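A short worksheet on the structure shown next.
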Amino acid sequence: MGIYRERILPRIINATCGVAAADESRRRVCTGLSGDVVEIGFGSGHNVPFYPAAVTSVAAVEPSDLAWRLAGARLEAAAVPVQRSGLDGQSLPFADDSFDSALSTWTLCTIPDAGAALRELRRVLKPGGTLHFVEHGLAPDPAVQRWQHRLEPLQMLLVGGCHLTRSTADLLTEAGFTIAELDVFYEPGAPKVEGAFSLGTAVSP
Ligand SMILES: C[S@@+](CC[C@H](N)C(=O)[O-])C[C@H]1O[C@@H](n2cnc3c(N)ncnc32)[C@H](O)[C@@H]1O
């Protein structure tokens with residue numbers, strides 16, 4: 001990793017992901033999490049204040065050391081034990097059927113092989129376990145999609161490999177999840193190319 005990706009980008013992500021406008025999506029996506037949870041792309045822990053009381057532990061998977069350090073204050077204030085337990089969502093260091101729930105917020109855009117990460121989540125979730133997700137991705141409107149395709153190379157360059165054109169629903173079903181709830185919407189105040197959100201839950205059969 002270069003200096004930009006290692007020392008600068010995690011600070012930019014910490015600031016942009018920490019905006020108050022994201023709180024409503026975080027509150028919604030964390031509702032219903034319970035038991036032992038695996039969170040991929042933990043970042044700097046902006047979901048921590050939103051974990052419900054029914055969560056008993058969180059295994060955080062995050063490659064960036066700096067992002068983990070930036071999570072410090074939120075981790076100290078956490079009501080549940082959170083342990084950094086892995087570095088790559090594409091290869092999870094956990095036994096099969098280990099977790100009750102999983103969480104991914106704005107992470108499937110960045111993981112190089114998002115399909116592999118979802119298959120790993122299916123493997124480590126107990127049968128019937130639920131993945132809670134909110135992701136940005138391919139917009140519902142063709143005109144926005146065209147701009148997403150145009151801008152994606154620049155976005156990937158500037159934002160650490162972040163894609164604009166991934167379809168969250170397609171990724172989930174291709175990985176064998178059953179989508180239980182799905183809300184697709186444009187985040188108010190965000191550019192549509194980046195603000196086409198998919199928020200919901202998907203069950204590992
Ligand atoms: C846009 S940030 C979102 C952070 C956090 N989920 C949030 O909502 O604030 C994407 C995160 O995915 C992480 N990431 C990148 N590649 C990853 C991988 N292969 N496995 C797990 N996480 C990864 C990045 O380091 C970054 O923290």
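The values are calculated or read from the model by the stated rules, or taken from the named source; none is laboratory data. It should be emphasised that the depicted structure is a prediction, and the values quoted were computed from it without experimental measurement. No Cβ is skipped: glycine too gets one built from the backbone with ideal geometry, and neighbour counts run over all protein chains shown.
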Going by the structure shown, is ARG26 touching a residue at least 40 places away in the same chain (Cβ under 8 Å), within 24 Å of ARG119 (Cα to Cα) and assigned to a helix (DSSP H, G or I)? yes
Segment 90-205: strands (runs of 3 or more DSSP E) wholly inside it with 1 or more residues that are in contact with a Cys (Cβ under 6 Å, 6 or more places away or on another chain) and of a type in the set (Ser, Thr, Tyr) are none
Within segment 96-136, can you find the residues that are at positive phi and touching a residue at least 40 places away in the same chain (Cβ under 8 Å)? TRP106, GLY128
(1) within 9 Å of the ligand (Cβ to nearest atom); (2) under 16 Å from LEU199 (Cα atoms); (3) touching a Pro at 6+ places or on another chain (Cβ under 8 Å); (4) not hydroxyl-bearing (Ser, Thr, Tyr): which one isn't true of ALA67, the others all being true? (2)
Within segment 149-193, track down each residue that is in contact with a strand residue (DSSP E or B) (Cβ under 7 Å, 6 or more places away or on another chain) and over 19 Å from ARG122 (Cα atoms). ASP183, VAL184, PHE185, TYR186, GLU187, LYS192
Quick check: is even one residue across segment 176-187 among the β-branched types (Val, Ile, Thr) and surrounded by 22 or more Cβ atoms within 10 Å (Cβ to Cβ)? no
Pick from GLY115, GLY160: which is at pLDDT below 95, surrounded by fewer than 24 Cβ atoms within 10 Å (Cβ to Cβ) and within 17 Å of the chain's Cα centre (by Cα)? GLY160
For segment 19-64, what are the residues that are among the β-branched types (Val, Ile, Thr), surrounded by fewer than 21 Cβ atoms within 10 Å (Cβ to Cβ) and away from the ligand (no atom under 13 Å from the Cβ)? THR31, THR56
Answer with yes or no whether ALA67 is closer than 27 Å to PRO191 by Cα and without any contact (Cβ under 8 Å) to a residue 12 or more places away in the chain. no
Expected output for segment 156-185 (first residue on the phi > 0 side of the Ramachandran plot, partner hydroxyl-bearing (Ser, Thr, Tyr), Cβ below 7 Å, 6+ apart or cross-chain) is GLY160/THR110; GLY161/THR110
Do you know which residues across segment 145-168 are among the β-branched types (Val, Ile, Thr) and within 15 Å of the ligand (Cβ to nearest atom)? VAL159, THR168
